[in-house]
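The values are calculated or read from the model by the stated rules, or taken from the named source; none is laboratory data. Note that the coordinates shown come from a computational prediction; the quantities given were computed from them, not determined experimentally. Every residue, glycine as well, gets a Cβ built from its backbone with ideal geometry; the counts of neighbours run over all protein chains shown. Protein only, heavy atoms only, side chains kept; ligands, DNA and RNA dropped before computing areas. Shrake-Rupley method; radii C 1.70, N 1.55, O 1.52, S 1.80 Å.
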Amino acid sequence: MTFAAVPAPKPQLTGRAALVTGASSGIGRAIALRLAAAGASVVATGRDRGALDAVRKDAGSAAAHLHVHPADITDSDGRADLAATVRQRLGSLSILVHSAGTHHRAPMADADISDLDHQYAVNVRAPYALTQLLLPDLVRSRGDIVFVNSTQGRSAGPGIGQYAATKHALRAIADSLRGEVADAGVRVCTLMPGRTATPMQQRVFRSEGRAWPSDTLMAPQDVAEMVTAVLMLPARTTVAEIVMLPTRRP
Ligand SMILES: NC(=O)c1ccc[n+]([C@@H]2O[C@H](COP(=O)([O-])OP(=O)(O)OC[C@H]3O[C@@H](n4cnc5c(N)ncnc54)[C@H](OP(=O)(O)O)[C@@H]3O)[C@@H](O)[C@H]2O)c1
C-alpha cells in the first residue's frame, strides 16, 4: 500500500499582522513568539531593546517576520512612532495584543499614591490610547484585540487594590469597546490569567517572602497557546472572556 505525501499544515495565521506589547518579557514574549511561529507578521514592543533583540533571536526561522520596536507606551510620541512603524512594517494591522503591564502590591494603609498613578498609566491609559490610535486599521482589517488582564480584574484580593482597580478598568474598557466595534467585525477578548511563571510573578513571590513554586504555576506559553486558539476561531465567533488558572493552588 502506498500513501500520498501529506503536505505540512499551513501556519494558520499567515497573512495576519500583529502588534504585541510587553513582548520583551513573560507572557507578551511568549505570545509574540507563538504568533510568529503560526505565520503572522509581528511587531514586538517593550522598552528594553536588548530583551527585544533576544526575542527575535529566539524566533529562529520566524525571525524574518518578527520585527522589534522599543517604545515606552506611556509616552504619546512613543505610541505615535510605534503606530508608524507598525504601518510601515506590517501594512494593515489585524491583531493587537496588549500584554504590557506593571504590578505593585501594598495594603491601602501603606500604599503610595504615586504607585497607583503609574499602574494606571501603564495598565489602563496606555492600552486605551494605543487602541484608539490603531482602531481605524483594525476596523479596516476586521481584526482582533486581546487584552491580557488578570484574575484580579474580576475579583480583588487584599493588598492588591491599586493593581486590581487598573485591571477592573481595563476589563470595562474592553467590554465597552466590544459592543462598539462588533458590527464592524472586530473581536475583543479579555484574557484573565492567574499566576504565571514570569519575571513579574517572581517579584510577587519575592515580595510575599515565598519560595518559587515553578512546577505549579502556569507557563507563559500556556497563555500564548490560548491567545492563538482565540485568534484562529472563525470570524463569526468572539471569545469575550477567558479565565485561566493554575490547576493546583500555588
Ligand atoms: N505573571 C502573572 O502571573 C500574571 C497574572 C495575571 C496577569 N498578568 C498580566 O500579564 C501581563 C504580562 O505580565 P508578565 O507577567 O509577562 O510581566 P513581565 O514579565 O514583567 O512583563 C511585563 C512587560 O510589560 C512591559 N512594560 C512595562 N511597562 C512598560 C512601558 N511603560 N512601556 C512599554 N512596555 C512596558 C515590559 O517591557 P519593558 O520592561 O521592556 O518595558 C515587559 O515586556 C501584564 O499585563 C500582567 O498584569 C500576569
query: How much accessible area does residue 113 have with a 1.4 Å probe, in Å² rounded to the nearest 10?
result: 110
message: Distance between the C-alpha centers of the stretch 19-45 and the stretch 166-225? Whole Å please.
response: 15
message: I'd like the orientation of helix 26-37 relative to the chain: the angle between its Cα long axis and the longest Cα principal axis, in ° from 0 to 90, rounded to 10.
response: 0
- prompt: Once label points are set 7 Å from the Cα along Cα→Cβ at both residue 14 and residue 48, what is their separation, rounded to one decimal in nm?
  reply: 3.4
message: Going by average Cβ density within 10 Å per residue, which order do the peptides 67-77, 145-155, 28-38 take, highest to lowest?
response: 28-38, 145-155, 67-77
task: Have a look at the stretch 66-188 and give its Rg and Dmax from the Cα atoms, expressed in angstrom.
output: 15.5, 49
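Could you work out the helix-only [θ] at 222 nm for the chain, with each DSSP H run of four or more residues adding -39,500 (n - 2.57) and the total divided by the number of residues, to the nearest 500 deg cm²/dmol?
Mean residue ellipticity at 222 nm (helix-derived): -13000 deg cm²/dmol.
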statement: Taking Cα atoms, the helix 76-90 axis meets the longest principal axis of the chain at an angle in degrees (rounded to 10) of 20
task: With a 1.4 Å probe and every protein chain kept in, tell me what percent of the accessible surface of the chain is carbon plus sulfur.
output: 52
task: Note the angle between two axes, namely the Cα long axis of helix 161-181 and the longest principal axis of the Cα atoms of the chain, as a number of degrees from 0 to 90, rounded to the nearest 10.
output: 40
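Work out the length of the dipole vector of the chain about its Cα centre, built from +1 on the beta-carbon of each Lys and Arg and -1 on the beta-carbon of each Asp and Glu, and round it to the nearest 20 debye. Could you put the intermediate results ahead of the total?
Values: 27 positive and 21 negative charges, 120 e Å.
Here the size comes out at about 580 debye.
Given 25 °C and 0.890 mPa s, how large is the Stokes-Einstein diffusion coefficient of the chain in µm²/s, with Rh as the Kirkwood radius over Cα pairs?
Details: Rh = 18.6 Å.
D, rounded to a whole number, is 132 µm²/s.
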Dipole-positive endmost among 141, 152, 179 within the stretch 115-183 (Cβ charges, Cα centre): 152
